[in-house]
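Contents: one structure, followed by commentary.
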Amino acid sequence: MSLATIGRSVARTVADPTRHVPHRPRPVRVSWLPVAVIAFAFLVPGNFVVPGPLRSNGSPARIFSLVCLALAVLTFVAASRRRSDDDAPRWSVVGGAIALYLGAATWSYGVAVMHPLDAGQSAGALRSLIAVLGAAGVALYVWMLVRDRADMDRILGWIVVGATFSVLVALAGMAGLIPSWASIARMSGLVENTATLRELSRLDFTRARGTSEHPIEFSLATTAALPLALHYARYALTRTARGWSAVASVLLVVGVPLAVSRTAVLGVVIALVVAVSIWPAVQKFVAALVGAAAVVGFFVLAPALVQSLVEIFTTAQEDNSVTGRLDDYVVVEQLFRANPALGLGMGVYRPDTGGNYLDNTWLNTIIGGGAVGTLVFAALFLLAAGVAWDRSLIGSDPAHRSLNRALLAVLAVVLMGSLTSDLTSFQQPTLVFMVVLGVLASRAGKGTP
């Protein structure tokens, strides 16, 4: 293939990455690969990996996400002879933001390796780059290959299934019906790259984590899936699917307090407020009554748990998890002043190389990517939220408007989580975020036939 042909391919694909291509029917639906990534992310905790030299890069979800990246790149390169079925370019602002994010991460890795690094810092930089490549690969795959609304619904539906399953695991574990999920994962033949966290407790309650590594990851995945479950409870194609989605919605709400986490409470409030905001007035009123009944039910059935949830907010100023986060700002300011534009490079500042663990994705981005990396990361949220908001107002039908408002709610939950935790450490909410970006960039997400 000549350079001129490659150039034309790139130009045409950038102009119209989701155009229709006449082809024979696929023997397997394109949604199977993102569904596989989602299934592994919600079944296998992120610290469990395939035995061998891959170490942290050998988790099943990451391996499949890198396959997504490879197929997305092949689709991009092989698009030289494609033509839009209506000869109109189909630009994707969100897709451009995803590509920019991937490019910025690669550039940040280059910044890191330009400086003298010890073995730990070098490994951390490479590990961070591969993590971004895998996550962005899922978004790119959904953007470029998913054109069928049924495929999109299948992918988003499996997020709801995975999060609901995690809640069921948490409930079964609290009831003593099953051992810890980590002990079950060990039976699969996978090995732990890092030690599984011991049981965490807060105010005399053991914090649930379901199939996640950490209670905060469990909280974010559960609350991020809730808007999608509510959408499909109203607009799934079949009555059976709507019924199961309603059941999933209830279970996800039940799972919120189990982590005894401020993130969970804030997440469910944000998810419900944004998702329900587009509902008709009568349905909003019914939702408010159901919510009030749920709160009363929690007070009656688990008064000590509710009291603990209230206490974690009223005593936040004395909580070392809050004061520690506030102390991080001093360290970040010093490092940012030393490298304001491009930062130290991604993955260089880590606890295992002498740095502090930062429970804030934005602080990590400021240190690793500087002002440039932070602006690119912000663009992901702003552009995706703008597209979701716009489509939720002018969508072609109520179902499409509801879906985009649900996607906006997911983005709001993930944004909140990025301010209270390091998303890059948690595979489940990161994957949900990237799938939503891919859906907003894809033809299926536009609601076009």
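The values are calculated or read from the model by the stated rules, or taken from the named source; none is laboratory data. A quick note: this is a predicted structure, and the numbers were derived from the prediction, not measured. When we count neighbours, we look across all protein chains shown, and the Cβ atoms used for this are built from the backbone with ideal geometry, even at glycine. With ligands, DNA and RNA removed, areas are computed over all heavy atoms of the protein, side chains included. Shrake-Rupley method; radii C 1.70, N 1.55, O 1.52, S 1.80 Å.
In table form, for the structure just shown:
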| item | result |
| --- | --- |
| In Å, descending, principal axis extents of the Cα set of the range 390-446 | 37, 19, 14 |
| Global geometry of the range 181-281, whether rounded, prolate or oblate, following the gyration tensor of its Cα atoms and the 1.5 cut on a/c | oblate |
| Computed over the chain: relative contact order in percent, which uses C-alpha pairs under 8 Å that are six or more apart | 23 percent |
| Kirkwood-type radius of the range 360-400, with distances r between different C-alpha atoms, in Å | 11.7 Å |
| Positive-pole candidate from Ser108, Val30, Val167, dipole of the chain, charges at beta carbon | Val30 |
| Expected 222 nm ellipticity per residue - DSSP helices of 4 or more, -39500 (n - 2.57), all of the chain, to 500 | -23000 deg cm²/dmol |
| FRET efficiency for Val247 and Gln283, using Cβ-Cβ distance with R0 set to 22 Å, rounded to 0.05 | 0.75 |
| Highest average packing first - 135-147, 62-74, Cβ atoms within 10 Å | 135-147, 62-74 |
| Packing-based order for 32-42, 247-257, 378-388, 394-404, using average beta carbon neighbours within 10 Å, highest first | 32-42, 247-257, 378-388, 394-404 |
| Under the span-like rule (Cα at least 20 Å along the axis, Kyte-Doolittle mean at least 0.5), DSSP H helices of the chain | 60-77, 93-113, 119-145, 149-174, 215-235, 239-255, 262-276, 281-301, 361-394, 398-420, 427-441 |
| The chain, accessible surface, carbon-and-sulfur percent (1.4 angstrom probe) | 68 percent |
| Whether the chain is rounded, prolate or oblate, judged on the alpha carbon gyration tensor where a/c under 1.5 counts as rounded | oblate |
| Under 5 Å, built H, 5+ apart or other chain: amide partners of Glu213 | Gly46 |
| Total charge dipole magnitude, the chain, about the Cα centre, Cβ charges on Lys, Arg, Asp, Glu only, Debye to nearest 20 | 1680 debye |
| Dimensionless Rg ratio for the range 169-235, taking C-alpha atoms and the 2.2 N^0.38 Å reference | 1.31 |
| Among Phe205, Gly243, Ala97 the positive-end extreme of the charge dipole of the chain (Cβ point charges) | Gly243 |
| Gain in span if fully extended, Leu177 to Tyr357, counting 0.36 nm per residue against the direct Cα distance | 61.4 nm |
